[in-house]
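Each value in this text was obtained by applying a stated rule to the coordinates, not by laboratory testing. Keep in mind it's a predicted model, so treat the numbers as computed, not measured. Because the Cβ atoms are built from the backbone with ideal geometry, glycine has one as well, and the counts that use them run over all protein chains shown.
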Amino acid sequence: MADSPASAPRFLAPAQVAELLAIDVDEVVALVISGTLRGAQLGAPARWRVAEDSIAEYLAEQTEEARRMALWRQADAASFPEVWGTQRPTR
């Protein structure tokens, strides 16, 4: 049974991805080349295309990275009295 058009992977042009992500087209191509976004050169002449589902994965990874960095900054900014209490150990 052949895949229906709804289940076939959808590919977007780098300009479309750049607009969605608010970055430059060159950055989109660099993300594809690095493997961060899934894509390939398709058609004749070959032009870069990005798998649409990889954009959601990329955004989820970026969101998780931002969350982790915020937690790191929060932990780094905490002072020892805030973390361990205000009492000094007795000697």
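A few comments on the model shown:
- Inter-probe distance in nm under a simple model that places probes 7 Å from Cα toward Cβ, at Gln41 and Asp53: 2.6
- Summed residue charge, Cβ within 14 Å of Trp48's Cβ, Lys/Arg positive, Asp/Glu negative: -1
- Environment charge at Ala18 (Cβ cut-off 10 Å; Lys +1, Arg +1, Asp -1, Glu -1): -4
- Using θ = phi - 60° in the Karplus curve 6.51 cos²θ - 1.76 cosθ + 1.60, the 3J(HN,Hα) couplings for region 46-51 round to 5, 10, 5, 9, 10, 5 Hz; x is entered for Gly and Pro.
- Take each peptide in 21-32, 42-53, count the other Cβ atoms within 10 Å of every residue, and average; sorted highest first, the result is 21-32, 42-53.
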